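Engineer: Sharing a structure here in structure tokens format.
The values are calculated or read from the model by the stated rules, or taken from the named source; none is laboratory data. Bear in mind that the values here come from a model prediction, so they are computed numbers and not experimental data. Methodologically, a virtual Cβ is constructed for each residue, glycine included, from the backbone with ideal geometry; neighbour enumeration extends over all protein chains shown.
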Amino acid sequence: MSKPAWRYVVGIVLALTLALAFGWLVGHAAIALAAMASLLLAAQVRNLLRFDHWLHHRKMAPPPDMMGLWAEIVGVTSRLYRRKVFHKRRVVELLRELRRMTSAMPDGAILLGPDREIIWFNRAAASWLQLRRKVDYGIRIDNLVRHPDFIEYVEKGGRGTAPRVHLPQHSDRWLAFNLVTSAAGSGMRLLIVRDVTNEARLESMRKDFVANASHELRSPLTVVSGYLDSLADDAQLDAAWREPVAEMRRQSDRMRGIVQDLLELSKMESSDGEAEREPVDVAGMLALLRREVLARPSRPAIVELKLDSDAMLLGAESELHSIFANLVSNAVKYTPVDGRIDVHWWTDADGGHVEVRDSGIGIAAEHIPRLTERFYRVDAGRSRKQGGSGLGLSIVKHALQRHGGWLGIDSQEGKGSSFTVHFPAVRIRARLMERAARPAS
Amino acid sequence: METADLSHHILSRYNADLQGIRTAVLQMGGLVERQLQDGVKAVVTGDSRLGEEVARTDHKVNAMEVSIDEDCSRILATRAPTASDLRLIVAVIKTITDLERIGDEAEKLGHTAARLADIERSAHRYRELKHIGDHVGEMVHGALDAFARLDTEAALRVARTDRLVDEEYEAIQRQCITFMMEDPRTIRRALDVLWVARALERIGDHAKNICEYVVYMVLGKDIRHLSIEDVEKQLASLRAASTGSVG
């Protein structure tokens, strides 16, 4: 018990004892005790009523002026009350500020409930998606924003690539959506809408520029290399000119290679969406590539091919060919004559995989994440001497993306590298006909 | 409120079924909207690849119609809906038919776009098509929004704009006739343009039908084959009566 409480109890006991003693002296102990008790009770009731009155009119009335334990109770209560008011005011202020900020946000924000129903949205979201305040609260967002790509994205719960769509409301505008789920599972989600029209325009300008520039470069280059070819074959050419002409011819071939790769890359970029699904014989394609490597004048001593599957890969033949050809030709370039290259093709429950492993110079770990960037070179001088365009792995990456696949790189400097391409299981089709026929024969 | 009216069932599965059907219709609507948008774009920009894509995607619309139709039959058979639920199912069955027709018209646009891309282009008349195309796109979008919000006023507003689409169609028709009389060599191209305009005009009619189903679904009033003015008069009295009885 606190000190005022002790004092209170002692006071009551003392008052009652005094009354008892006085009554005993006068000869009416019971009456004196009863009178004192009634007096004390009356005082308590009065205080209680005053306290109750104050509790009901806290906002206007000042706390009542009381003594002893009652003063303590009033003090604690009014302190608690003031603290509550203060916190409430702060929270309300914060909330108001937060709403003001989100309203002014340049991005659209929509708060969604567990069933994707709209709980709240800001001004930008309202104007882009033509939502109406109050009326649209409680309506499912996918009932009002009905673009198929958006619905697919929301149904997946925000996993997968964020869609970029033209909405019928604003057909001249690209909007990108992003669904954010909080870690705590209240089921509420935040949908962020961004206007990416400018980004999309810049991107398409860049793509168009690369495609047009490479296309324009190709025709003059063809003329130049044509003349260089006939010059190099000319028997009457001055001996002093022979070496420079040969060098010019090599360089113009390289340039043609770069332009070719740029065109291929921009073609893949502009044809967005999935690659077609024609069955491609991977084993046969790899065997052909091996024969081409073996025909080269300088090549690693051992080129092994291990084919563990005869399944067909569903994809675009030309793009698959450029994936494998780029990987194999990289391996040949960076592997010494006494090294070896192993190509392995297998399928499992995850899908199909092709690994190209070499015992070449390897790649330092810090370069690996940037390898698929355009024109990224680990060692500029060396790779230029090897005659690459610097676009090979970019092409591999893009072609893989169109097939839903991905590239795994594993390398140790000085020991060799391993490039593995993975294709999803939906793109693999077993060769049922042949497999059924084989045991019979 | 109407929204509350459609979700008052103690049987929560039933409720979820009805809500699911509404969402499925709007999903189908979203696909149709994109088909229409792409179809118009393919015609106006002469993008034959986009046109072929539109023509190829139409089977998805048809598949959705069949699936929603089955769901509706299942609910009719197992739940025996009454009152507003029954009106919802009836309206859905009619709406998906119109949506499917819009899908077919969009497919037609796709085919025509692939063909038009091969012929010499006339920039001027395709702009007309873009205008009526945008207009019709807005109508379809507005009709589906009204369906989602159960908003009869918006539905009527959209239905009213159908008249403008009809006028635009007639203007294009007159223009095409003039061109054909001036220079018979343009007849083929003009006919194709007319086909596209005709398809768009039909889509506008289908959007108007959907608006009428929305009114039927929410207020239980069949407003087909009535003039817009009569409809508005009737609905005003209906609304006054309903608010009177509620309040």
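Engineer: Within the range B:33-46, count every residue that is surrounded by fewer than 20 Cβ atoms within 10 Å (Cβ to Cβ) and more than 13 Å from chain A (Cβ to nearest Cβ).
Structural biologist: Matching residues across the range B:33-46 total 1.
Engineer: Let me ask something else about it. Say whether the condition of being exposed (fewer than 12 other Cβ atoms within 10 Å of the Cβ) and not in a helix (DSSP H, G or I) is met by at least one residue in the range A:238-255.
Structural biologist: yes
Engineer: Scan the range A:137-147 and give yes if some residue there is under 27 Å from residue B:151 (Cβ atoms), away from chain B (no Cβ under 11 Å) and assigned to a loop (DSSP other than H, G, I, E, B), otherwise no.
Structural biologist: The answer is no; no qualifying residue exists.
Engineer: Determine the pairs where a residue that is under 15 Å from residue B:95 (Cα atoms), located within the range B:50-65, has a partner that is polar (S, T, N, Q) with Cβ atoms under 9 Å apart, the partner being 6 or more residues away or on another chain.
Structural biologist: From residues that are under 15 Å from residue B:95 (Cα atoms), the pairs are B:61/B:35; B:64/B:27; B:65/B:97.
Engineer: Taking the stated definitions as given, is residue B:101 more than 20 Å from the chain's Cα centre (by Cα), more than 14 Å from chain A (Cβ to nearest Cβ) and either part of a loop (DSSP other than H, G, I, E, B) or surrounded by fewer than 20 Cβ atoms within 10 Å (Cβ to Cβ) (or both)?
Structural biologist: So residue B:101 does not fit the description; no.
Engineer: Condition (residue is in contact (Cβ under 8 Å) with a residue 24 or more places away in the chain, in contact with a Pro (Cβ under 6 Å, 6 or more places away or on another chain) and more than 30 Å from residue A:173 (Cα to Cα)) applied to the range A:44-52: is it met by at least one residue?
Structural biologist: No - not one qualifying residue is present in the range A:44-52.
Engineer: Only one of (1) assigned to a helix (DSSP H, G or I); (2) buried (at least 19 other Cβ atoms within 10 Å of the Cβ); (3) touching a helix residue (DSSP H, G or I) at 6+ places or on another chain (Cβ under 7 Å) fails for residue A:321. Which number is that?
Structural biologist: Going through the list (1) assigned to a helix (DSSP H, G or I); (2) buried (at least 19 other Cβ atoms within 10 Å of the Cβ); (3) touching a helix residue (DSSP H, G or I) at 6+ places or on another chain (Cβ under 7 Å), residue A:321 breaks only (2).
Engineer: Among the candidates B:93, B:75, B:68, which residue alone is more than 21 Å from residue A:164 (Cβ to Cβ) and in contact with a Pro (Cβ under 7 Å, 6 or more places away or on another chain)?
Structural biologist: Going through B:93, B:75, B:68 in turn, just one is more than 21 Å from residue A:164 (Cβ to Cβ) and in contact with a Pro (Cβ under 7 Å, 6 or more places away or on another chain): B:75.
Engineer: The conditions are (1) at pLDDT below 90; (2) in contact with a helix residue (DSSP H, G or I) (Cβ under 8 Å, 6 or more places away or on another chain); (3) within 14 Å of another protein chain (Cβ to nearest Cβ), and residue B:153 fails exactly one of them. Which is it?
Structural biologist: Of the numbered conditions (1) at pLDDT below 90; (2) in contact with a helix residue (DSSP H, G or I) (Cβ under 8 Å, 6 or more places away or on another chain); (3) within 14 Å of another protein chain (Cβ to nearest Cβ), the odd one out for residue B:153 is (2).
Engineer: Is at least one residue of the range A:266-276 more than 30 Å from residue A:314 (Cα to Cα), surrounded by fewer than 16 Cβ atoms within 10 Å (Cβ to Cβ), hydroxyl-bearing (Ser, Thr, Tyr) and under 44 Å from the mean Cα position of the chain (by Cα)?
Structural biologist: Among the residues of the range A:266-276, not one is more than 30 Å from residue A:314 (Cα to Cα), surrounded by fewer than 16 Cβ atoms within 10 Å (Cβ to Cβ), hydroxyl-bearing (Ser, Thr, Tyr) and under 44 Å from the mean Cα position of the chain (by Cα), which makes the answer no.
Engineer: Taking only the range A:195-235 into account, find how many residues are farther than 30 Å from residue A:166 by Cβ and either assigned to a helix (DSSP H, G or I) or at pLDDT 85 or above (or both).
Structural biologist: 18
Engineer: Does residue B:177 fit the bill of being β-branched (Val, Ile, Thr), in a loop (DSSP other than H, G, I, E, B) and more than 25 Å from residue B:31 (Cα to Cα)?
Structural biologist: For residue B:177, the condition - β-branched (Val, Ile, Thr), in a loop (DSSP other than H, G, I, E, B) and more than 25 Å from residue B:31 (Cα to Cα) - is not met.
Engineer: Also: Anything in the range A:53-77 that is in contact (Cβ under 8 Å) with a residue 24 or more places away in the chain and of a type in the set (A, V, I, L, M)? List them, or say none.
Structural biologist: Hits for the range A:53-77 are A:69, A:71.
Engineer: To continue, here is another question. Restricting the first residue to the range A:328-350 and requiring it to be in contact (Cβ under 8 Å) with a residue 40 or more places away in the chain and at positive phi, which pairs with a second residue that is among the aliphatic types (A, V, I, L, M) and crowded, with 17+ Cβ neighbours inside 10 Å meet a Cβ separation below 6 Å and a spacing of at least six or different chains?
Structural biologist: Filtered contacts from the range A:328-350: no entries.
Engineer: Could you check how many residues of the range A:115-132 are away from every other protein chain (no Cβ under 13 Å) and either in a loop (DSSP other than H, G, I, E, B) or not polar (S, T, N, Q) (or both)?
Structural biologist: Looking only at that region, the number is 9.
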